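Everything on this sheet refers to the single structure shown next.
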Amino acid sequence: MSVTLPKTTALVIDDEVQMRRLIRACLERNGYDVMEAAGGEEGISSAIQSQPNIIILDLGLPDMDGVAVLRRLREWSNVPVIVLSVRDRDADKVTALDDGANDYLTKPFSTSELLARLRAALRNRQPAAKPVVFTAGHLYVDLTTRTVRVHGQPIKLARTEYSLLRYLVQHAGRVLTHGQLLREIWNLEDVEKTGRLRVYVGVLREKIETDPSNPELLITVPGVGYRLETKD
């Protein structure tokens, strides 16, 4: 009796048709299933729906920068990402790696090196993080689609408001200190600058709490920080 093992699925996000064809031909010859996306939004949607084993990402996309795609992916997924780009400056490489890329390969490249880097990234991959849907009372947050609903109604959040809520969701039930939040959301090391944090917590409560003056979800821990409740 023979056993057929599932193939490794690779998602190629690149706006150049010829490049996608080259990578597809290379990977399919080596046993991969290949999906393609010509833009950032299409690539993110495909990653959400198909959950590939690895992603090959170009930085010069027509609708959004590849680094922005990388940051969006890292909000909910640990899938290995290999950046494949004509940008060869050290600063571009450092930015991509700091924002969650597993490896960085510049164009032009050899297919043998690409295959070797894919194998290395797959060997070292972390357990895949499933798309996160968080619910607590009347609050619903889907981190893959950036959807936030309160009492079933969609609400709009500014970028920083969403970043704060996302970080709270990712650590729901835990107390997050003022210092942690300032570093994560604003990249501030001065823990005395809590005024900005208090303002945004207040704005967020206005949007997600039934009674902002008596919060049930976003709780203040006096002298320490804040906690997002996980109660049903």
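The values are calculated or read from the model by the stated rules, or taken from the named source; none is laboratory data. Remember, it's a predicted structure, so these values are computed and weren't measured experimentally. Neighbour counts are summed over all protein chains in view; Cβ atoms, including those assigned to glycine, are modelled from backbone coordinates with ideal geometry.
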Given 13, 23, 54, which one is touching a residue at least 40 places away in the same chain (Cβ under 8 Å), among the β-branched types (Val, Ile, Thr) and over 14 Å from residue 81 (Cα atoms)? 23
Neighbours by Cβ (under 6 Å, 6+ apart or cross-chain): first from the range 92-103, assigned by TED's automatic domain parsing to the domain that holds residue 66; second surrounded by fewer than 17 Cβ atoms within 10 Å (Cβ to Cβ): 99/71; 100/74
Of 67, 79, the only residue that is part of a helix (DSSP H, G or I), under 28 Å from residue 141 (Cα atoms) and of a type in the set (A, V, I, L, M) is 67
Would you say residue 173 is without any contact (Cβ under 8 Å) to a residue 24 or more places away in the chain, small (Gly, Ala, Ser) and either assigned by TED's automatic domain parsing to the domain that holds residue 157 or out of contact with any Leu (no Cβ under 6 Å at 6 or more places or on another chain) (or both)? no
Does residue 205 satisfy being over 22 Å from the mean Cα position of the chain (by Cα), of a type outside the set (Gly, Ala, Ser) and modelled with pLDDT of 95 or more? yes
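Does the range 11-19 contain any residue that is at pLDDT 95 or above, assigned to a helix (DSSP H, G or I) and loosely packed, with under 13 Cβ neighbours inside 10 Å? Let's see the steps before the verdict.
Residues of the range 11-19 that are at pLDDT 95 or above, as a first pass: 11-19.
Pick out the ones that are also assigned to a helix (DSSP H, G or I) and you get 17-19.
Narrowing further to those that are loosely packed, with under 13 Cβ neighbours inside 10 Å: 17-18.
Yes: the range 11-19 contains one or more residues that are at pLDDT 95 or above, assigned to a helix (DSSP H, G or I) and loosely packed, with under 13 Cβ neighbours inside 10 Å.
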Restricting the search to the range 134-188, which residues are at pLDDT 95 or above and among the aromatic types (Phe, Trp, Tyr)? 140, 162
